[in-house]
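Notes to accompany the following structure.
The values are calculated or read from the model by the stated rules, or taken from the named source; none is laboratory data. All figures in this text were calculated on a predicted structure; none of them were measured in a lab. No Cβ is skipped: glycine too gets one built from the backbone with ideal geometry, and neighbour counts run over all protein chains shown.
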Amino acid sequence: MNKKTPYILIMPIVLLGVIFMFGVINGIVQGFGYIPAFNLNDVTLSYYKEILADPTFLDSLKVSSQISIISSVLAMVLGIILTTALVYTGHTEGRILQVIKLAIIIPHTIVALFTISILSQNGLIARVCYKLGLISAQGDFPLLLYTKNNLGIILSYVWKEVPFVAYFSLALMSGINKTLGEASENLGASKLKTFFYIVLPLSMPSIRKAFLIILTFSFGAYDLPFLLGATVPKALSVQAHIEYVHPDLRHRPYAMAMNGLILAITWAMAGIYYLITKRNKITGDIHEEF
Amino acid sequence: MNSKGFISLLSLIIIALLLVTGCGKEKGISKTPGYNEMDAVSREFNPNVDFEQILEEAKGNIVSFYGWGGDENRNKWLRQTVAPILKERYDVTLEVVGMDINDILAKLAGEKQAGLEQGAIDMIWINGENFYSAKENDLLFGPFIEKLPNFEKYIDSEDEEVKYDFGFPIEGYEAPYGKAQMVFINDSATTGETPGNTDEFMEYCKKYEGRVTYPALPDFTGSAFVRTLIYDIVGHEQFSDMEADKEVVKKAIEPALEYLRELNKYLWNQGKTFPATSGEVDNMFEDGELVMTMSYGSYSVAVGKEKGIYSDTVRTFIFDKGTVGNTNYIAIAKNSPNKAAAMVAINAIISAEIQATQFEELRTLPIVSYNKLTDEEKAGFDNVDMGEGVLPQDELLAKRLPEMPANIVPIVEEIWLEEVVGK
Amino acid sequence: MKNFKSNRLLNIFLYISLLIISVPIVILLLWTFTARWPWPNLLPKTYSFRAIKEVFAPHAKLFQTLFSSMLLSLAVAILSVIIGTMTARALTLYDFVGKELIALLSIAPNLVPGTVFAMGIHIVFIHMALADTVLGVITVHLIYTLPYSVSIMRDLTQSIGGRLEMQAYVLGASPFKSFIYITLPLLVPGIKTSIGMAYIISSGQYFITLLIGGGKVKTFSVLMVPFIAKGDRALGSAYALIFMMSTLLILIITDRVTKKLPYQNDGGKYRWNWN
């Protein structure tokens, strides 16, 4: 084939990539205090320093990390089980898959809404307990949302992300199962062995990508932690959002600096992911680079 | 289908794509900043001409009114009552765009940085700290309000809330739009009491332990609620010229902070955490989890009853010493491409006629000066049935306290976060 | 597939998952028609059509916004698949300068907080006269959907490999024809998922559409979010349901259309290559 072909093929994404880089750099620059529109004309690290020196920063970081890591790991495990269930029961298309897609479509703010409807002290589960005589008033029901352990947020993210992981890795796992999986079983391997030694490892590329996506997303998004989280300590992304909507426009650099920190940590996470997966190249990632 | 079908499907898709982006581009271009067919006349809009001329210039234009889009009644009123009047009388088309004020300011700031002379935003629904910020950062056009004939005709130019917005001089950069005042809401069927001051309020919370709370600051409503409590304990005059220094403010509100910390014990979740938004607090009240809520919309009980959200026994009450009230305004963006039309539209909105419809349909307190109205116009307001379970206008206005200056409010919010939550 | 005890367990898991997904959706449905649903009722106490009336009120221009919104996201989805396939092809079957960089670039948008990118790109777009335009919005949506499209198409392109196409070429077919008639049909499952994913992401965008579209480009999401954020559960649920149904509709249509494409043997199931 033509030597020039790849370069033609990548032209659109290069164009978009350049636009993307421009945008990001512009945004980062604001975190260094350079926003001429507000008469902030010096490039400075002071915003970053101030944020890092604030005692609440570490608390926020802990909250964000806790939420993203726990929810993503849980979602990945449950997601793998769901994908497996879909593949092995033959439901790779059709109505069941549509229901799963529905969960992916629902916006996060709606998830917050019905999480409150179900899990709050005033929610459906509490009301069922009341009807069963287990509790006598709303206050008796344990507080699951707005707590420092961020349980409500984690559960909401898991609710949204399990279907996503399943949908994302379905194609690959289904294909592997149909070809190599079937071959393995025909050669006499048990179903269990086939799954754990062939199907699952070869499906990992998709699963791992899904994991990285949900990990970084849950770290950086603010809607769920804002609506379902405790007033203090706030997740990093919530803090950044509050600075962004602060009426005093001179707080913008704070928002941008915080976002810059989120960006740095996100890239660190991706970097760690890359290092770990590079090492595991043997377990089936024949063509895997990322 | 075979190869031919496939190719034709593909080409169909590509053509469709081009159409979409093509149409979009056109839509975009006619509104694209910088590309104004008829702007040769007024690159520099001059407001200092006869209003007649401004009316002429406004004819046939589209004016975009940007503001919070979450009030469906207001959206309806703007589109179905105000817009037809503007179109019929002044040939100005009103376009209502829902956008949060911070996103509006972000957009204007970006446009300023990029040097965009003709933006997309004409009128802005704004007040308080946001106005202060926007004016300070040169994002607004003005002064314009004195040029509006209806300003002279209907507005009391000496009114504090016409001269100052959250303590800062308006200097003609925004026109009053509607008035808001903090009110408290509870259900007489659940709780007979209506606490009239902070002492009674503390007793109230003790009695209904765990069933009262307020939105976490810096939520707009939560912030106003706390400020009302502060006013009740330490008075309000001292804040109007207070130095915007954290220590100074803290010292001034210390008694109130102690009160709030004491109050925490009896609040929902012992004050360890607060609901993030006023919407959540309202919902908890509607569901019976809380016995009380609060709102800036003085007649929200009537509105709620009409929506079927509140039962018949819900009623409004305020503190004896009063509650904070403010005015919200309409401003014009500095890079608005339709300043004439904006001025015409704003002029119409501050007229008694349209204010009366706002009063009637939205139960928003009007900003026109009652004394300046003709008898007929007065009747337009008097005859409105405000609904059940609300307080009469004169009682509200008699117990209305001014807002703290725009630069003090964030400091109070910061202190609350550090000194009250979970303490 | 032999029937196994594990199959039963998996079935149970599957149905529990479906239950967990469906219950909230049923709650949304109930809320759409609810006036009051106080403690301790398990079902709404009073019903009303207020939310429905508001949502479908003529002044709200629901259908206009919905329709143009769907068209926009569809455009994004299709473009995303085309560019995704091209990029995936380049990354999988060729070696070229800057390959690692392109690979990194194609996942980068997921790793950048939305606000940073939005604020930065806004100024760039104003200079390019793309701000407040449909094309501008499509472009930024593309930036967000491409990571998914590229990723999905890469997995698929990898498994199919270049062998079959190469064979066709060797047998005399032009490169273009071998791509269209051999590889492309095999890529259809990935195309399907890609379009679906890209559409979902594009239609769900709020902040970036708001900032870049400047209020001029109205998508359904931009219309819907303020009502949800306000906490009006009836109205929010009504809008959310319409949003979900319309998106699902597009996904179903996409499925049906791709099924009709010419590639046949397995009646819609994936066909893989033995490398």
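Key figures
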quantity: C:ALA77, sole failed condition from (1) surrounded by 15 or more Cβ atoms within 10 Å (Cβ to Cβ); (2) part of a helix (DSSP H, G or I); (3) more than 28 Å from the chain's Cα centre (by Cα); (4) more than 7 Å from every other protein chain (Cβ to nearest Cβ); calculated: (3)
quantity: Criterion violated by A:ILE106 - all others in (1) more than 7 Å from chain C (Cβ to nearest Cβ); (2) touching a residue at least 40 places away in the same chain (Cβ under 8 Å) satisfied; calculated: (1)
quantity: Of all residues making up the range A:127-155, the number that are away from chain B (no Cβ under 14 Å) and either closer than 23 Å to A:ILE106 by Cβ or among the aliphatic types (A, V, I, L, M) (or both); calculated: 5
quantity: Qualifying residue in the range A:27-35 (condition: among the aromatic types (Phe, Trp, Tyr) and touching a Pro at 6+ places or on another chain (Cβ under 6 Å)); calculated: no
quantity: Unique residue being within 12 Å of chain C (Cβ to nearest Cβ), assigned to a helix (DSSP H, G or I), of a type in the set (A, V, I, L, M, F, W, C) and free of Cβ contacts under 8 Å to residues at least 60 places away in the same chain when the list is A:LEU86, A:LEU97, A:LEU15, A:LEU78; calculated: A:LEU15
quantity: Single residue of C:VAL170, C:VAL134, C:VAL150 found to be of a type in the set (Val, Ile, Thr), farther than 30 Å from A:ARG252 by Cα and touching a residue at least 12 places away in the same chain (Cβ under 8 Å); calculated: C:VAL150
quantity: Residue check for C:LEU105: among the aliphatic types (A, V, I, L, M), closer than 30 Å to C:ILE242 by Cβ and either at the interface with another protein chain (Cβ under 7 Å from one of its Cβ atoms) or surrounded by fewer than 22 Cβ atoms within 10 Å (Cβ to Cβ) (or both); calculated: no
quantity: Hey, B:GLU376 without any contact (Cβ under 8 Å) to a residue 60 or more places away in the chain, under 27 Å from B:MET123 (Cβ atoms) and either surrounded by 19 or more Cβ atoms within 10 Å (Cβ to Cβ) or not aliphatic (A, V, I, L, M) (or both) or not; calculated: no
quantity: Single unsatisfied condition, C:MET119 versus (1) at pLDDT 85 or above; (2) surrounded by fewer than 19 Cβ atoms within 10 Å (Cβ to Cβ); calculated: (2)
quantity: So B:ASP91, is it at the interface with another protein chain (Cβ under 7 Å from one of its Cβ atoms) and out of contact with any His (no Cβ under 8 Å at 6 or more places or on another chain); calculated: no
quantity: Residues of the range A:246-269 satisfying the condition of being at pLDDT 85 or above, among the aliphatic types (A, V, I, L, M) and within 22 Å of A:ASN26 (Cα to Cα); calculated: A:ALA255, A:MET256, A:ALA257, A:MET258, A:LEU261, A:ILE262, A:LEU263, A:ALA264, A:ILE265, A:ALA268
quantity: Complete set of residues in the range A:19-62 that are of a type in the set (Lys, Arg) and without any contact (Cβ under 8 Å) to a residue 40 or more places away in the chain; calculated: A:LYS49
quantity: Within the range C:199-214, considering residues that are in contact (Cβ under 8 Å) with a residue 40 or more places away in the chain and within 13 Å of chain B (Cβ to nearest Cβ), the one surrounded by the most Cβ atoms within 10 Å (Cβ to Cβ); calculated: C:GLY214
quantity: Candidate set: the range B:204-236, residues that are acidic (Asp, Glu) and within 13 Å of chain A (Cβ to nearest Cβ); chosen: the one nearest to the chain's Cα centre (by Cα); calculated: B:ASP219
quantity: Check on B:SER298, assigned to a loop (DSSP other than H, G, I, E, B), out of contact with any helix residue (DSSP H, G or I) (no Cβ under 7 Å at 6 or more places or on another chain) and hydroxyl-bearing (Ser, Thr, Tyr); calculated: no
quantity: Only listed residue being crowded, with 22+ Cβ neighbours inside 10 Å, under 30 Å from C:LEU30 (Cβ atoms), in contact with a Pro (Cβ under 9 Å, 6 or more places away or on another chain) and touching a residue at least 24 places away in the same chain (Cβ under 8 Å), chosen from C:ALA240, C:ALA234; calculated: C:ALA240
quantity: Tally of residues being closer than 12 Å to B:LEU105 by Cα and under 16 Å from the mean Cα position of the chain (by Cα) across the range B:130-169; calculated: 5
quantity: Any hit, the range B:316-324, residues being within 11 Å of another protein chain (Cβ to nearest Cβ), touching a strand residue (DSSP E or B) at 6+ places or on another chain (Cβ under 9 Å) and under 12 Å from B:ILE185 (Cβ atoms); calculated: no
quantity: Residues located in the range C:51-107, provided they are over 17 Å from C:TYR144 (Cα atoms) and among the β-branched types (Val, Ile, Thr); calculated: C:ILE52, C:VAL55, C:THR65, C:THR92, C:VAL97
quantity: A:THR92 within 25 Å of the chain's Cα centre (by Cα) and outside any helix (DSSP H, G or I); calculated: yes
quantity: Search result, residues across the range A:233-268 that are acidic (Asp, Glu) and either buried (at least 22 other Cβ atoms within 10 Å of the Cβ) or not in a helix (DSSP H, G or I) (or both); calculated: A:ASP248
quantity: C:GLY172 being farther than 25 Å from B:ALA120 by Cα, not in a helix (DSSP H, G or I) and not aromatic (Phe, Trp, Tyr); calculated: yes
quantity: Considering residues of the range C:35-71 that are more than 9 Å from chain B (Cβ to nearest Cβ) and of a type in the set (Val, Ile, Thr) only, the residue surrounded by the fewest Cβ atoms within 10 Å (Cβ to Cβ); calculated: C:ILE52
quantity: Criterion violated by B:GLN270 - all others in (1) at negative phi; (2) within 14 Å of chain A (Cβ to nearest Cβ) satisfied; calculated: (1)
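Residue-by-condition table, conditions (1) more than 30 Å from B:LEU108 (Cα to Cα); (2) modelled with pLDDT under 85:
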residue	(1), (2)
C:VAL124	no, no
C:ALA131	no, no
C:SER151	yes, no
C:ASP155	yes, yes
